[in-house]
Amino acid sequence: MNFLLTNYIYPIREKFLLSKSLGVYLDNPRTDNEIKAVTNYINQAYSTESAFQFSEEIIGEGVEKFLSEYSKEDEYLNKFHSTYSQIKPYEILARMWIVARYDDEGQHDAIAQEGKKLKEEGQRGFFFMLEEDNPILKNSRQLLDYCHLVSLLIHTAQDYYEGRSVILDTHEDWFQEIKPNHLLCVQVFMFMNFTAYREVTEKDETRWLYLPVIREKLAETTRLIDEILDGSQKDKLLYIASLLKNAGYDIKEDKTKLVVLVSIIELLLTHNPDFNRFNVEDSINKQFQLKGATLIYLNDKSGNINQIKVRLKEIYGLRSSIAHGDFKAVTKYIENAKKKGEKFPIGIIIGELYIYLKAIITEYLRDNKFVDFLKDG
């Protein structure tokens, strides 16, 4: 097994299943080699300047406060606290850090053994390039895609969500060449400032990044996803997950991100009309509005379905302008929106699209047969 590091920091007694179908789960580092690797990773993260840095001594104090607070009602944390309270803070963090495990078919160990052999032969500076079909590359990317889907469905950031994943480091070869990671410093900073304060953690908009708070929601969501992954819709859902990863991580340009997010709704809800009877784009636009508004409203009936429909029409119109290269229309839309007080119009739309996607995909997981019926209608 191999793993990617997540944003979660919490000692867990046993592995937490993310997907039986994909064979992935959350866990703490368990072996000496795993703990050493994560400890080195933390050390390296703090080897560079960061506005979010704490000294190792202060981190030790924060970890002690956290363990003292949570061990009062958790037998395993109480045992963990008494066992490891005397070791160095970075190693305690490493033992607490939650990783997402995936099956690499023994490739990590094979690379480690080959590296050891080359080192014994006196070779230095060796680096292994992974082929595209290597299980480390293929299965870590699948895990990364999957976690973007899960993150969309469990996040508590409301309209501030911008596609973030629970995965901290996306590099499948992190164990080969550990580099400073500013994001780890940020996550430790958040852990130090919020996690030990239970009353703050449970209400904060970032609470989805704290495992004790989100654990039940995470288990419920991953069970729903697995029901789809065990059926004929697996390829579709994994493709949607890959698009979410592209939009949330790979794509930096907002207009492109908007087009990709709209395409996920199109994929789920629209079909190609009869070319002889309908204007194709006009028909897809109407499907996008009506079917999208229907599912979004079913997911949360406190919204106004007519207003949602109008907004979806605006969004699809902007998407079409971007897709067809009509940047005069895009500029006009942005200028008009700014006159209404919107400083970042496309950013606002992206936030709304994530809200809509969360609602639509949730309804798809609850009843994919109904959503497919709606799509075909």
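Computed from the coordinates by the stated procedures, all read-outs in this text should not be read as laboratory data. These figures come from a predicted structure and were not determined experimentally. All Cβ positions, glycine included, derive from the backbone under ideal geometry; neighbour counts span all protein chains shown.
Provide, for the stretch 5-99, the number of lysine pairs with alpha carbons under 20 Å apart, each pair being eight or more places apart or on different chains. The partial results should precede the final answer.
Working: K15/K36; K15/K79; K36/K88; K65/K79; K65/K88; K79/K88.
Taking the Cα cut-off of 20 Å, the pair count is 6.
Once the piece of chain linking E69 and N272 is laid out straight, how much longer is it, given 0.36 nm per residue of separation minus the C-alpha distance between them? Working shown, then result.
Numbers: separation 203, 0.36 × 203 = 73.08 nm, distance 5.68 nm.
Gain on extension, E69 to N272, equals 67.4 nm.
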Checked against the positive end of the charge dipole of the chain (+1 on Cβ of Lys and Arg, -1 on Cβ of Asp and Glu, about the Cα centre), the farthest of A323, N2, Q158 is A323
Quick calc, the chain, dipole around Cα centre from Cβ unit charges on Lys, Arg (+) and Asp, Glu (-), nearest 20 debye, gives 1220
Fewest to most Cβ atoms within 10 Å: D145, D235, D372 sort as D235, D372, D145
If one compares the long axis through the Cα atoms of helix 56-70 with the longest principal axis of the Cα atoms of the chain, the angle in degrees, nearest 10, works out at 70
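Which semi-axes, in whole Å and largest first, does the equivalent ellipsoid of the stretch 5-52 have when worked out from the alpha carbon gyration tensor as the square roots of 5 times its eigenvalues?
Values: eigenvalues 130, 35, 19 Å².
Semi-axis lengths for the stretch 5-52 are 26, 13, 10 Å.
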Taking 0.36 nm per residue of separation between Q113 and E335 and subtracting their Cα-Cα distance, the length gained on full extension comes to 74.0 nm
Heads up, the stretch 251-376 by the C-alpha gyration tensor (a ≥ b ≥ c square roots of eigenvalues; a/c under 1.5 rounded, else a/b over b/c prolate, else oblate) looks oblate
Nearest 10, in degrees from 0 to 90: the angle of helix 107-120 to the longest Cα principal axis of the chain is 40
Using alpha-carbon positions, the gyration tensor of the stretch 3-117 gives root eigenvalues a ≥ b ≥ c; with a/c under 1.5 called rounded, otherwise prolate if a/b exceeds b/c, else oblate, the class is oblate
So the angle from the long Cα axis of helix 254-269 to the longest Cα principal axis of the chain, reported in degrees to the nearest 10, equals 70
For the stretch 2-215, the percent of all C-alpha pairs falling in each 10 Å bin, from 0 up to the bin holding the max distance, is 8, 32, 37, 19, 4, 0
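Among 71-81, 33-43, how do they line up by average Cβ neighbours within 10 Å per residue, starting with the highest?
Working: 71-81: 15.1, 33-43: 18.4.
Peptide ranking by packing, descending: 33-43, 71-81.
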